[in-house]
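Enquirer: Below you'll find the structure I mean.
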Amino acid sequence: MKKSIGAKTIVFPTPVWLVGNYDQDGKPNAAVVAWGGICCSTPPCVAVSLREATYSHGNIVRRKAFTVNVPSETYVKEADYFGIVSGREEDKFSTAGLTAAKSELVDAPYVQEFPLILECKLLHTFELGLHTQFVGEIMDVKADEVVLGKDGLPDMEKVKPIIFAPSVRTYHGVGRFLGDAFSIGRRT
Ligand SMILES: Cc1cc2nc3c(=O)[nH]c(=O)nc-3n(C[C@H](O)[C@H](O)[C@H](O)COP(=O)(O)O)c2cc1C
């Protein structure tokens, strides 16, 4: 029998993404979001939710752009730091020893050391309550060559993204391969 545990933000998996943005002085900043995901195929879109209280929120509203930066497992400590401290108080890139690179297509920085980056133009803003959902159109995906598979696309096992478990606030790596999607379930 299932046990009801109430209306909570618990679902698995949630991502650990750094959302890159510039402040009003052009200082690069980023915040961690776990509340995010792909939300449209055409145009290609991704949604991230941020509280108004974050520094990133105002920065994204002003610049109408953000990046989604996918850290690999080796950057778990740096990633967590970006989710604990505000860019209002510290220059997070410099403290963490990470490089803020200039995006080609949008007005937001990306994390040079992370293997997978999305450059996003702000398309929609939805006030949901505590969080504002920012929907960005993905203008480009950039990936380090070392994480590309034979098909030329990012390979999840090479990217080694971090997974967040919101119920207990822990970080995890990607698990084992189970099968091919749109294929393993075929009945004929
Ligand atoms: C694992 C993790 C997930 C987080 N997810 C979110 C999120 O989805 N939305 C949000 O507003 N804050 C989230 N935070 C908190 C922000 O990253 C944090 O408030 C950060 O300091 C904001 O930075 P800023 O003020 O420079 O924008 C998360 C923090 C951690 C550690």
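Enquirer: Please pick out the residue among Glu52, Glu73, Glu89 that is under 22 Å from Phe164 (Cβ atoms) and within 11 Å of the ligand (Cβ to nearest atom).
Expert: The unique qualifying residue is Glu52.
Residues are listed down the side, and each one gets a yes or a no for (1) modelled with pLDDT of 95 or more; (2) in contact with a helix residue (DSSP H, G or I) (Cβ under 8 Å, 6 or more places away or on another chain); (3) of a type outside the set (Phe, Trp, Tyr); (4) more than 14 Å from the ligand (Cβ to nearest atom):
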residue: Ile5; (1), (2), (3), (4): yes, no, yes, yes
residue: Ala31; (1), (2), (3), (4): yes, yes, yes, no
residue: Cys40; (1), (2), (3), (4): yes, no, yes, yes
residue: Asp107; (1), (2), (3), (4): yes, yes, yes, yes
residue: Glu113; (1), (2), (3), (4): yes, yes, yes, yes
residue: His124; (1), (2), (3), (4): yes, no, yes, yes
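Enquirer: Please find, within region 110-126, the residue that is nearest to the chain's Cα centre (by Cα) out of those that are over 15 Å from Ser72 (Cα atoms) and surrounded by fewer than 24 Cβ atoms within 10 Å (Cβ to Cβ).
Expert: Checking each candidate, the answer is Glu119.
Enquirer: Can you confirm whether region 133-156 contains a residue that is modelled with pLDDT of 95 or more, touching a Gly at 6+ places or on another chain (Cβ under 8 Å) and surrounded by 11 or more Cβ atoms within 10 Å (Cβ to Cβ)?
Expert: Yes: region 133-156 contains one or more residues that are modelled with pLDDT of 95 or more, touching a Gly at 6+ places or on another chain (Cβ under 8 Å) and surrounded by 11 or more Cβ atoms within 10 Å (Cβ to Cβ).
Enquirer: Then there is this: Which ones in region 149-182 are assigned to a strand (DSSP E or B) and either farther than 22 Å from Pro109 by Cα or within 16 Å of the ligand (Cβ to nearest atom) (or both)?
Expert: Pro161, Ile163, Phe164, Ala165, Thr170, Tyr171, His172
Enquirer: Taking region 94-124, which residues are over 21 Å from Lys64 (Cα atoms) and among the aromatic types (Phe, Trp, Tyr)?
Expert: Of everything in region 94-124, just one residue is over 21 Å from Lys64 (Cα atoms) and among the aromatic types (Phe, Trp, Tyr), namely Phe114.
Enquirer: Next up: From the list Gly20, Gly36, exactly one residue is touching a strand residue (DSSP E or B) at 6+ places or on another chain (Cβ under 7 Å) and near the ligand (Cβ under 8 Å from one of its atoms). Which is it?
Expert: Among Gly20, Gly36, only Gly36 is touching a strand residue (DSSP E or B) at 6+ places or on another chain (Cβ under 7 Å) and near the ligand (Cβ under 8 Å from one of its atoms).
Enquirer: If you don't mind, there's one more thing I want to ask. Return the pairs, sorted by first residue and then second, in which the second residue is away from the ligand (no atom under 11 Å from the Cβ) and at pLDDT 95 or above, the first residue lies in region 23-38 and is farther than 18 Å from Thr170 by Cβ and part of a loop (DSSP other than H, G, I, E, B), the beta carbons are less than 7 Å apart, and the residues are 6+ apart or on different chains.
Expert: Listed by first residue and then by second, the contacts come to Gln24/Arg62.
Enquirer: In region 105-139, what residues are hydrophobic (A, V, I, L, M, F, W, C) and either farther than 16 Å from Pro43 by Cβ or not in a strand (DSSP E or B) (or both)?
Expert: The answer is Leu105, Val106, Ala108, Val111, Phe114, Leu116, Ile117, Phe126, Leu128, Leu130.
Enquirer: Could you list, in sequence order, all residues of region 1-22 that are in a strand (DSSP E or B) and not polar (S, T, N, Q)?
Expert: Passing the criteria: Pro15, Trp17, Leu18, Val19, Gly20, Tyr22.
Enquirer: Now for a different question. Any idea how many residues of region 1-55 are farther than 12 Å from Gly87 by Cβ and acidic (Asp, Glu)?
Expert: 1
The values are calculated or read from the model by the stated rules, or taken from the named source; none is laboratory data. Just so you know, these numbers come straight off a predicted model, no measurement behind them. We place every Cβ from the backbone using ideal geometry, glycine too, and count neighbours over all the protein chains shown.
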